[in-house]
Amino acid sequence: MISVLYLVLGFVLLVKGADFFVDGSSAIAKRLGIPSLIIGLTIVAFGTSAPEAAVSITASLTGQNEIAVGNVIGSNIFNLLFIVGLCAMIRPLSVHKSILNRDFPLSILGAGVLVICGLDVFFNEGSVNVVSRVEGLLLLCFFIVFIYATSMAALSDKQAAETGTDVLSWPKSFLYLGSGLIGVVAGGQLVVSGASDLALMLGLGKDLIALTIVAIGTSLPELVTSFVATRKGESDIAMGNVIGSNVFNIFFILGMSATVAPLTITNNTFIDLGVLITGSIIAFIFSRKGTINKNSGIVMLLMYAAYTAYLIMR
């Protein structure tokens, strides 16, 4: 029960902490005159992925490789197949050209790069497959290029920064920023501790817990954001949030995690990456006409159900 309590409390701190972090940092950015579009592409993207970052980096620091890697891959699969599938069931999702031409292919490339980085046994005749610190830095370089390209594209269509009266005051902005950061860090530690204890208690693999319970829990910000955006008819935001988070998760979170401590890639991890790449390609094909319709959404939800069943049997 203590392990479950840690998980629940950790998820609450992660979600609310990320929410406070986004509000505080966005208010500061607006007061500094940074365009809202840039805020959305950077701060909000980081905020919705902050739970995954906190969990994976904390797990990497404590030697919990299975949780560090499984959390990111599981979150990406959940984001892509479940969240996009569910949103498409509610209302057809329009897919912006920039997502089709830049972000979507980059998310597929990210999973492919991770596979190549982990093939040490095949390429170097090593005894174990590892994403090294150098390869972690390489992933971070990809992330910097992604942020630069996205920011330049946004600045070419620059909008005036919104500095209305509803922006938080300076003291409140820093209070939100600090409390949000504390919540995310503390929540990440509780989730890793609770997930490890729960796996041990139930006799389950840490990778199963990471790919299911932890992955879904840390994806709650993406789920809520995309669901609300879809209900409001803002499907571009819903789709951009998911694909942007997936790019962020692979390049930044796993890049940071591997830089902190090399990440072991197991045979099961390659299978999970294969599911992610296959699902991404199928979703990309579904979206080529500019929308993902209800039927495509059903197929994606069935794919996620089948993958979850496979994980349990595995």
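If R0 is 41 Å, the Cβ-Cβ spacing of Met201 and Lys172 corresponds to a FRET efficiency of close to 0.50. Compared with the direct C-alpha span, the chain from Phe227 to Met152 gains 24.2 nm at full extension, assuming 0.36 nm per residue. Length gained on full extension, Cys141 to Val128, computed as 0.36 nm times the residue gap minus the Cα-Cα distance: 2.2 nm.
Assuming 0.890 mPa s and 25 °C, estimate D for the chain with Stokes-Einstein, Rh taken as the Kirkwood radius over Cα pairs, in µm²/s.
125 µm²/s
For Thr291, nonlocal amide neighbours, meaning residues 5 or more places apart or on other chains whose placed amide H falls under 5 Å from its own, are Val95.
So, with a 1.4 angstrom probe, what is the percent of accessible area on the chain that is carbon and sulfur? Please list the in-between numbers first.
Values: 9710 of 14080 Å².
Its accessible area is 69 percent carbon and sulfur atoms.
Legend: distances between Cα atoms for Lys30/Lys289; Lys97/Lys206; Lys30/Lys97; Lys16/Lys294; pairs beyond 29 Å are Lys30/Lys289; Lys97/Lys206; Lys16/Lys294. Between Leu32, Leu254, Leu273, the Gaussian network model of the chain with springs among Cα atoms under 10 angstrom shows the greatest mean-square fluctuation at Leu32.
Tell me, what is the Rg over Rh of the range 205-314, with Rh the Kirkwood radius over Cα pairs? When Rh is taken as the Kirkwood radius, the ratio is 0.97. Scanning the chain for GluC sites (Glu not before Pro) in DSSP loops with at most 14 neighbouring Cβ atoms within 10 Å leaves 163-314 as the longest stretch between them.
Average accessible surface for the chain: 45 Å² per residue, computed with a 1.4 Å probe over protein heavy atoms with every protein chain in place.
Kirkwood radius, the range 175-237, all distinct C-alpha pairs, inverse of mean reciprocal distance: 13.7 Å. Based on alpha-carbon centroids, what's the gap between the range 257-314 and the range 167-198 in Å, whole number please? If we compute the Cα centre of each part, the gap is 29 Å. Each of Ile34 and Asp236 was given a label point 7 Å from its Cα along the Cα-to-Cβ line. The distance between the two points is 2.1 nm.
The slack between Asn101 and Lys294, meaning 0.36 nm per residue of separation minus the straight C-alpha distance, is 67.2 nm. Put one equal scatterer on each alpha carbon of the range 49-120, apply the Debye formula with no solvent term, and list log10 I(q)/I(0) at q = 0.13, 0.15, 0.23, 0.27 1/Å to two decimals. Each listed q maps to, in turn, -0.52, -0.67, -1.14, -1.22.
Give me the tail of P(r) for the range 228-293 as a percent: Cα-Cα pairs with distance above 14 Å. Result for the distance tail: 72 percent.
Sorting Val69, Val275 by solvent-accessible area of protein heavy atoms yields Val275, Val69, largest first, with a 1.4 Å probe.
The values are calculated or read from the model by the stated rules, or taken from the named source; none is laboratory data. Quantities reported herein were computed from a predicted structural model and do not represent experimental measurements. We place every Cβ from the backbone using ideal geometry, glycine too, and count neighbours over all the protein chains shown. These accessible areas exclude ligands, DNA and RNA; they are computed on the full protein's heavy atoms, side chains included. Shrake-Rupley method; radii C 1.70, N 1.55, O 1.52, S 1.80 Å.
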